[in-house]
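Colleague: Sharing a structure with you now.
The values are calculated or read from the model by the stated rules, or taken from the named source; none is laboratory data. No experiment lies behind these values; they were computed from the predicted model shown. Note that each Cβ is placed from the backbone with ideal geometry, even for glycine, and that neighbours are counted across all protein chains shown.
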2 protein chains.
Amino acid sequence: MNKHSLEHYMETYKSGLLENILPFWIRHSIDWEDGGYTFCLDRDGSILDTDKGVWQTGRFAWMILTLYNEVEQKEEWLKIGLHGIDFLEKHCYDEKGKMYFIVDKKGDPIRMRRYVYSESFAAIAYAACFKATGNEHYRDKAREAFDLSLKYNSTPGLIPPKFTEHREMRGMGVPMIGIVTAQELRQNLNDDSYTEYIDHWIKEIRDYFINYEYQAVMETVGPQGEFIDHFDGRLLTPGHALEAAWFILREAMHRDHNEELIRLGTTMLDWMWEIGWDKEYGGIFYFRDVLGLPVQEYWHDMKFWWPHNEAIIATLMAFQITGDQKYAAWHKEVHDWAFKHFPDPDYGEWYGYLHRDGRISVPLKGNIWKGPFHIPRMYFMGWKICESILNK
Amino acid sequence: MNKHSLEHYMETYKSGLLENILPFWIRHSIDWEDGGYTFCLDRDGSILDTDKGVWQTGRFAWMILTLYNEVEQKEEWLKIGLHGIDFLEKHCYDEKGKMYFIVDKKGDPIRMRRYVYSESFAAIAYAACFKATGNEHYRDKAREAFDLSLKYNSTPGLIPPKFTEHREMRGMGVPMIGIVTAQELRQNLNDDSYTEYIDHWIKEIRDYFINYEYQAVMETVGPQGEFIDHFDGRLLTPGHALEAAWFILREAMHRDHNEELIRLGTTMLDWMWEIGWDKEYGGIFYFRDVLGLPVQEYWHDMKFWWPHNEAIIATLMAFQITGDQKYAAWHKEVHDWAFKHFPDPDYGEWYGYLHRDGRISVPLKGNIWKGPFHIPRMYFMGWKICESILNK
């Protein structure tokens, strides 16, 4: 990758974020009437469903407050961030302090789930809000949300298991989201005590999910990392593993280019690029079976927005750290494929759901799962990584 | 449809059932070692996952015992049916008498779900077993399973709702599966008292799920049939509605060609054919939005085996009852599309999961959702309907 292409990518990410992605969501998703954000939007930004996803609420508040903290202290961004934070505080908790998964337009609860990812995304939103405002209330809220998700994830039985004791499993989601949540809290609360959690979760991934025999990052394993030879145990999610890879590479940079973490992160990237990249049509597969067998998830070969966001960050960051041109080449491959197929030239933002060959499956811009998170985070990080390489 | 084509279809269904579909499952799915059946099979019948789905266990026992009762009293079929029934009785109940969703090869429980469809499919299996053996124990087991599912579905709160009291919903699955379960018990237990339940569920469908404004069979509505203008409330499942349509048409025949039921069943068929048939590529869509908006389920346009099985039965039965050539034409359309794309010429049986244009997505023959049920039931019913028309 030469200076010219770095400048090109930097400009693409920067202007894309500030002139396309962010304006789309600011224009269409803020509910000034009932509070919070409305993410279930059609292609042109019109509302498909007024329900409000709690994950996305925390994520968008985190994103826009992070831009406020790191890019420019724009009053509008702070106001929009606080608008979501207020909604989280007012409407997204049950009487026991656990957070909902979906609330309706007015903020009445619609659905609770067993998991505590709403809490993780709220934690990073509060932490960014503390950084933006200096108000200690948000620091306390961030800690409380982090501690709650910790408690649920580490207390057996508190999250009712989907499967019986005859099939005990652990999923990579918990350590992976744990790492990034702790990284955000460490930075924005300026509190290095979160490093100990990061160590714990990186060790969990290394000990249990890295499978040298299959050269794969497993998604679901037994309690001691045992291979589970069933549909669920064989199922790989390359986008997930690539995302975890850059969380670990970022940690390596934070620790003064820690060699061991660089090796771990690039190994995860190397393996899952090999498994996840579609050599026939391009793009990142959603699911693969580690033994190459048919998966139970029949839509396995679709191309979703977010694995491409995560692959773009992971390859660019691996290039930044190692200087290996292999990663520059992979970055170009996934960047080109994604920018050819996902962006909507007419209404802005990205489509989320493509068929294997890149044709659009559903043209919507947002739903309970897709909101302003993976896409703007990728534009933001891509911009900053390019800038950092150029400034060296 | 003329005599020649009726004979052709009859022969296709009869020989397909007896020489292709049934032998595939008899050869590959019986676990003579640990009991029950293994349904998670690859294209060639080799085992992909040794877990055993309880739905499919009841369904296959029902199917093969029904063939024993209605086609030929083959000892092998009785033996295989009892083999599944024994496994259900020994391994598929928890300590409170509720049935599991998945058990493992040895019969140890793996997953319980909130719903009671395992019980409905067990009920029809036991009823067919009573008819086959005359053993009153199975009559009692059938009644018990039916009553349990009735209790769970009619006692508020016994099935923990997915959504809060702010979004009360009723789904068509309950009355629809209720109708066919009661029809089977009425017939095989020779007990007309089940007719009262059928009346109740047909009324529920007519009062709440038939939407004249949109000319659609709704899948999810409010407690009084209210339209729910959210992703879930707008989502239609044409295969489901076509299946419910022929349950009702079958009831019309049972009631001496009851005109009102014929009108209801054919209306459901007419509307959902219009909505569900893919005019561009052929085949039946999995999901549609009643307002034509994007759905949240991104794999909405895939072509699954079972909606095609149900559409073939529904159109053929509608032709049988009404003599309307429109239904013969629709039957030909869906029969031709299905037989062109689903059957595996090399290893037999049908693929289950195709892309919109008919290309294969995953080549497996069975999993937790796909087993010997919709396909052999369609072959069996198609054969018998053609035979009945020809004999008139």
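Colleague: Kindly list, by first and then second residue, each pair from a residue in region B:18-35 that is more than 24 Å from B:LYS106 (Cα to Cα) to a residue that is hydrophobic (A, V, I, L, M, F, W, C), limited to pairs with Cβ atoms under 7 Å and residues at least 6 apart or on different chains.
Modeller: Cβ pairs passing all conditions: B:ILE21/B:ILE375.
Matching residues to (1) under 25 Å from A:TYR100 (Cβ atoms); (2) among the β-branched types (Val, Ile, Thr); (3) surrounded by fewer than 18 Cβ atoms within 10 Å (Cβ to Cβ):
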| position | (1), (2), (3) |
| --- | --- |
| A:THR133 | yes, yes, yes |
| A:GLU136 | no, no, yes |
| A:LYS141 | yes, no, no |
| A:ILE179 | yes, yes, no |
| A:HIS200 | no, no, yes |
| A:ARG206 | no, no, yes |
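Colleague: Write out, first by first residue and then by second, each pair whose Cβ atoms fall under 7 Å of each other, whose residues are 6+ apart or on separate chains, and whose first residue, in region A:182-210, is closer than 11 Å to A:ALA127 by Cα while the second is of a type in the set (Lys, Arg).
Modeller: From residues that are closer than 11 Å to A:ALA127 by Cα, the pairs are A:GLN183/A:ARG250; A:ASN188/A:LYS131; A:LEU189/A:ARG139.
Colleague: Which residues, taken from region B:189-230, are of a type in the set (Phe, Trp, Tyr) and touching a Leu at 6+ places or on another chain (Cβ under 7 Å)? Explain how you work it out, then say what you get.
Modeller: Step one: list which residues in region B:189-230 are of a type in the set (Phe, Trp, Tyr), which gives B:194, B:197, B:201, B:208-209, B:212, B:214, B:227.
Selection gives B:TYR194 alone.
Colleague: Could you tell me whether region A:323-341 includes any residue that is free of Cβ contacts under 8 Å to residues at least 24 places away in the same chain and farther than 25 Å from A:LYS392 by Cβ?
Modeller: Yes: region A:323-341 contains one or more residues that are free of Cβ contacts under 8 Å to residues at least 24 places away in the same chain and farther than 25 Å from A:LYS392 by Cβ.
Colleague: Keeping to region A:35-48, report how many residues are away from chain B (no Cβ under 14 Å) and either under 19 Å from the mean Cα position of the chain (by Cα) or surrounded by fewer than 18 Cβ atoms within 10 Å (Cβ to Cβ) (or both).
Modeller: Here is the first cut: in region A:35-48, the ones away from chain B (no Cβ under 14 Å) are A:35-37.
Still in the running and either under 19 Å from the mean Cα position of the chain (by Cα) or surrounded by fewer than 18 Cβ atoms within 10 Å (Cβ to Cβ) (or both): A:37.
Count: 1.
Colleague: Working only within region B:291-313, note down all residues that are surrounded by fewer than 21 Cβ atoms within 10 Å (Cβ to Cβ) and either more than 12 Å from chain A (Cβ to nearest Cβ) or modelled with pLDDT under 95 (or both).
Modeller: Across region B:291-313, the qualifying residue is only B:GLU297.
Colleague: Do the conditions hold for B:LYS384, that is, is it closer than 28 Å to B:GLY58 by Cα, within 14 Å of chain A (Cβ to nearest Cβ) and out of contact with any Pro (no Cβ under 9 Å at 6 or more places or on another chain)? Give the derivation first.
Modeller: Working: closer than 28 Å to B:GLY58 by Cα: yes; within 14 Å of chain A (Cβ to nearest Cβ): no; out of contact with any Pro (no Cβ under 9 Å at 6 or more places or on another chain): yes.
Spelling it out, it is not the case that B:LYS384 is closer than 28 Å to B:GLY58 by Cα, within 14 Å of chain A (Cβ to nearest Cβ) and out of contact with any Pro (no Cβ under 9 Å at 6 or more places or on another chain).
Colleague: Could you please give the count of residues in region B:368-392 that are assigned to a loop (DSSP other than H, G, I, E, B) and either over 18 Å from B:PRO23 (Cα atoms) or free of Cβ contacts under 8 Å to residues at least 60 places away in the same chain (or both)? Step through it out loud before you land on a result.
Modeller: Just the residues of region B:368-392 that are assigned to a loop (DSSP other than H, G, I, E, B), to begin with: B:368-373, B:392.
After this cut, where a residue has to be either over 18 Å from B:PRO23 (Cα atoms) or free of Cβ contacts under 8 Å to residues at least 60 places away in the same chain (or both) as well, the list is B:368-369, B:392.
Going through region B:368-392 one residue at a time, the tally reaches 3.
Colleague: Turning to a different aspect of this structure: Which ones in region A:368-381 are buried (at least 24 other Cβ atoms within 10 Å of the Cβ) and within 14 Å of chain B (Cβ to nearest Cβ)?
Modeller: Correct list: A:LYS370, A:GLY371.
One line per residue, one yes/no per condition, for (1) acidic (Asp, Glu); (2) under 19 Å from A:GLU310 (Cβ atoms); (3) surrounded by 15 or more Cβ atoms within 10 Å (Cβ to Cβ):
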residue: A:PRO175; (1), (2), (3): no, yes, yes
residue: A:GLU184; (1), (2), (3): yes, yes, yes
residue: A:ASN190; (1), (2), (3): no, no, no
residue: A:GLU226; (1), (2), (3): yes, no, no
residue: A:GLY233; (1), (2), (3): no, no, yes
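Colleague: Surrounded by 22 or more Cβ atoms within 10 Å (Cβ to Cβ) and at pLDDT 95 or above: is that true of B:HIS341 in this structure? Let's see the steps before the verdict.
Modeller: On the way: surrounded by 22 or more Cβ atoms within 10 Å (Cβ to Cβ): no; at pLDDT 95 or above: yes.
Considered against the rule, which asks whether it is surrounded by 22 or more Cβ atoms within 10 Å (Cβ to Cβ) and at pLDDT 95 or above, B:HIS341 comes out as no.
Colleague: For A:VAL54, only one of the following conditions fails: (1) touching a strand residue (DSSP E or B) at 6+ places or on another chain (Cβ under 7 Å); (2) surrounded by fewer than 24 Cβ atoms within 10 Å (Cβ to Cβ). What is its number?
Modeller: Result: A:VAL54 passes all but (2).
Colleague: May I pose another question? Can you find, within region A:354-367, the residue that is farthest from the other protein chains (Cβ to nearest Cβ) among those that are within 20 Å of A:GLY283 (Cα to Cα) and outside any strand (DSSP E or B)? Write out each step before concluding.
Modeller: Going through region A:354-367, the residues within 20 Å of A:GLY283 (Cα to Cα) turn out to be A:354-365.
From the residues that got through so far, the ones that are outside any strand (DSSP E or B) too are A:355-359, A:363-365.
Details: A:HIS355: 7, A:ARG356: 8, A:ASP357: 10, A:GLY358: 13, A:ARG359: 9, A:PRO363: 6, A:LEU364: 4, A:LYS365: 9 Å.
Looking at residues that are within 20 Å of A:GLY283 (Cα to Cα) and outside any strand (DSSP E or B), I get A:GLY358.
Colleague: Any idea which residue in region A:106-143 is farthest from the other protein chains (Cβ to nearest Cβ), counting only those that are more than 28 Å from A:GLU75 (Cβ to Cβ) and of a type in the set (A, V, I, L, M, F, W, C)?
Modeller: A:VAL116
Colleague: Please tell me if A:LEU65 is over 21 Å from A:VAL174 (Cα atoms), of a type in the set (A, V, I, L, M), touching a residue at least 24 places away in the same chain (Cβ under 8 Å) and in contact with a Lys or Arg (Cβ under 8 Å, 6 or more places away or on another chain).
Modeller: Details: over 21 Å from A:VAL174 (Cα atoms): yes; of a type in the set (A, V, I, L, M): yes; touching a residue at least 24 places away in the same chain (Cβ under 8 Å): yes; in contact with a Lys or Arg (Cβ under 8 Å, 6 or more places away or on another chain): yes.
Against the criterion (over 21 Å from A:VAL174 (Cα atoms), of a type in the set (A, V, I, L, M), touching a residue at least 24 places away in the same chain (Cβ under 8 Å) and in contact with a Lys or Arg (Cβ under 8 Å, 6 or more places away or on another chain)), A:LEU65 qualifies.
Colleague: Determine, yes or no, whether B:THR12 is buried (at least 17 other Cβ atoms within 10 Å of the Cβ), among the β-branched types (Val, Ile, Thr), away from every other protein chain (no Cβ under 14 Å) and in a helix (DSSP H, G or I). Walk me through it before giving the result.
Modeller: Values: buried (at least 17 other Cβ atoms within 10 Å of the Cβ): no; among the β-branched types (Val, Ile, Thr): yes; away from every other protein chain (no Cβ under 14 Å): yes; in a helix (DSSP H, G or I): yes.
For B:THR12, the condition - buried (at least 17 other Cβ atoms within 10 Å of the Cβ), among the β-branched types (Val, Ile, Thr), away from every other protein chain (no Cβ under 14 Å) and in a helix (DSSP H, G or I) - is not met.
Colleague: Using the structure shown, decide if B:TYR286 is crowded, with 22+ Cβ neighbours inside 10 Å, under 30 Å from A:LEU41 (Cβ atoms) and modelled with pLDDT of 95 or more. First the steps, then the outcome.
Modeller: Numbers: crowded, with 22+ Cβ neighbours inside 10 Å: yes; under 30 Å from A:LEU41 (Cβ atoms): yes; modelled with pLDDT of 95 or more: yes.
The answer is yes for B:TYR286.
Colleague: Let me ask another. Which condition from (1) surrounded by fewer than 19 Cβ atoms within 10 Å (Cβ to Cβ); (2) closer than 30 Å to B:ALA132 by Cα is the one that B:LEU158 breaks?
Modeller: (2)
Colleague: Do we find that A:LEU6 is within 14 Å of chain B (Cβ to nearest Cβ) and more than 30 Å from A:GLY134 (Cβ to Cβ) in this structure? Steps first, please.
Modeller: Details: within 14 Å of chain B (Cβ to nearest Cβ): no; more than 30 Å from A:GLY134 (Cβ to Cβ): yes.
It is false that A:LEU6 is within 14 Å of chain B (Cβ to nearest Cβ) and more than 30 Å from A:GLY134 (Cβ to Cβ).
Colleague: Here's another thing I want to ask about it. Anything in region B:279-290 that is away from chain A (no Cβ under 14 Å) and not small (Gly, Ala, Ser)? List them, or say none.
Modeller: Restricting attention to region B:279-290, the residues satisfying the condition of being away from chain A (no Cβ under 14 Å) are B:279, B:282-284.
The answer is B:LYS279, B:ILE284.
Colleague: Still on this structure: Taking the residues in region A:96-105 that are facing chain B (nearest Cβ under 9 Å) and not hydroxyl-bearing (Ser, Thr, Tyr) as candidates, determine which candidate is surrounded by the fewest Cβ atoms within 10 Å (Cβ to Cβ).
Modeller: Here the answer is A:ASP104.
Colleague: So, A:MET218, is that one crowded, with 21+ Cβ neighbours inside 10 Å, more than 22 Å from A:LEU316 (Cα to Cα) and in contact with a Gly (Cβ under 9 Å, 6 or more places away or on another chain) or not?
Modeller: Values: crowded, with 21+ Cβ neighbours inside 10 Å: yes; more than 22 Å from A:LEU316 (Cα to Cα): yes; in contact with a Gly (Cβ under 9 Å, 6 or more places away or on another chain): yes.
So A:MET218 passes the test.
Colleague: For B:LYS74, all conditions in the list (1) surrounded by 13 or more Cβ atoms within 10 Å (Cβ to Cβ); (2) within 16 Å of B:PRO372 (Cβ to Cβ) hold save one; what is the number of the exception?
Modeller: Unmet condition: (1).
Colleague: If you don't mind, there's one more thing I want to ask. Do any residues in region A:146-174 that are over 29 Å from B:ASP49 (Cβ atoms) have Cβ atoms under 7 Å from those of residues that are β-branched (Val, Ile, Thr) and exposed (fewer than 13 other Cβ atoms within 10 Å of the Cβ), where the two are at least six apart or on different chains, and which pairs are they?
Modeller: none
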